[in-house]
Every structure is written in structure tokens, then in C-alpha cells.
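Structure first, commentary second.
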Amino acid sequence: MTDVHDPHSRKRLHAPSKVNFPGELLFDRVARAVCDAECLPRKELYESWEVARRTRRRFKGGRVVDLACGHGVVAQLMVLLDKGGCPGGVAVDRKLPPCAFEVQASLVAAFPQLADKVELVRGDVEDVDVGPTAWWRRTRAAA
């Protein structure tokens, strides 16, 4: 039995939720990978996807720096959506949730090209060296 699929739900995605993402589009493949982590709220998946997709459409290449990143999904999606010029990035949050690493592992298992591309850091955003080739934008994926 499939669970009721509400994109605004704060309910965590879990393995049985994968039936709600049957396609082969990139979003469906990402969603199935996130379901394997069994810790990300459904709402955060949709919001992170929209932020990453809209931002990547406008900005291409360069190092991704995701400050106050939550689970770090936006940074990983930004790298995944870039079709070549992105050297990787860093996702930093003072309160990085432990399951952020589970989400990252699930995404890397589904998309091996993400391996060693995004560094998850628990720390202060003031300590991040943005560097001259990085770009950043202030956004908030989840409310």
C-alpha cells in the first residue's frame, strides 16, 4: 500500500515511499535515493529540489557553498544538476543533523559521481573560506 503523497508533508520519506517516484527523471531517482536514507522530511526534498533547480538554472560552474545547510541536500543537488563545470562544494551548518551523512551516503550510492564532491561540515559559517571562484546566494529551502 502506498502512503498518501503530499509534497508539503513533514513526514519522513522511507523505503516504501519509493513507489511514489516510479519514473526515470532525475528528480524521481533522487527521491528514491533519499527514501533509502529514511530520515528526510518529504517537504524538504521538494523545497531543496526547487531551490537547487532554480539557482542552478541561473548560475553554472564554480564551487558550491551552502551555508546553514540543514541536511546539505541543496549543495548535493546543485553539484548533481551541474553538467560539468562544478568542482564540488561544501555544506556547513552549526547544527548539522546526524542523518545528513545518511542522506549523503544514499545519494552517493545512487549517483557515484557525487562521491567526494560535497563536504559536510558541522561548524560556524564564519569559519568557511568561500574562495574567489565560489558563488553563493542567500536562500531558504525549508520553512
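Where a number appears in this text, it was derived from the coordinates with a stated rule and is not lab data. Computed from a prediction, not measured in an experiment: that's the story for all the values here. For neighbour counting, all protein chains shown are included, and Cβ atoms are generated from backbone atoms with ideal geometry for every residue, glycine included.
Some notes on this structure:
- Computed from Cα atoms, the angle from the helix 100-110 axis to the main principal axis of the chain rounds to 80 degrees.
- Cys with no candidate disulfide partner in the chain (beta-carbon separation under 4.7 Å rule): Cys35, Cys69, Cys86
- About the Cα centre, charge dipole magnitude for the chain (Lys/Arg +1, Asp/Glu -1 at Cβ), debye: 540 debye
- The helix-based estimate of mean residue ellipticity at 222 nm for the chain, built from -39,500 (n - 2.57) per DSSP H run of four or more residues and divided by its residue count, is -10500 deg cm²/dmol to the nearest 500.
- Whole-Hz ³J(HN,Hα) from phi, Karplus 6.51 cos²θ - 1.76 cosθ + 1.60, for segment 17-28, glycine and proline x: 5, 4, 5, 7, 10, x, x, 10, 5, 4, 4, 4
- Within-13-Å neighbourhood charge of Leu25 [Cβ basis; K, R +1; D, E -1]: +1
- Taking the chain as the region of interest, the number of lysine pairs whose Cα atoms are within less than 25 Å, with members eight or more places apart or on different chains, is 9.
- Most mobile listed residue (Val19, Val74, Val90) in the chain, GNM with C-alpha springs under 10 Å: Val19
- With the Kirkwood sum run over all distinct C-alpha pairs, the chain has a hydrodynamic radius of 15.2 Å.
- Of Ala37, Ala110, Ala91, the residue with the greatest mean-square motion in the GNM of the chain, using alpha carbon springs below 10 Å, is Ala110.
- Centre-to-centre, using Cα atoms only, segment 33-51 and segment 59-90 are separated by 16 Å.
- Filtered trypsin sites (Lys or Arg not before Pro), segment 1-97: DSSP coil and at most 14 other beta carbons within 10 Å: Arg10, Lys11, Lys60, Lys83, Arg94, Lys95
- Using a Gaussian network model of the chain in which every pair of alpha carbons under 10 angstrom is joined by a spring, one finds that among Cys69, Cys35, Cys99 the greatest mean-square fluctuation is at Cys99.
- Helix 42-58 vs. the chain, principal-axis angle (Cα, 0 to 90°, nearest 10): 40 degrees
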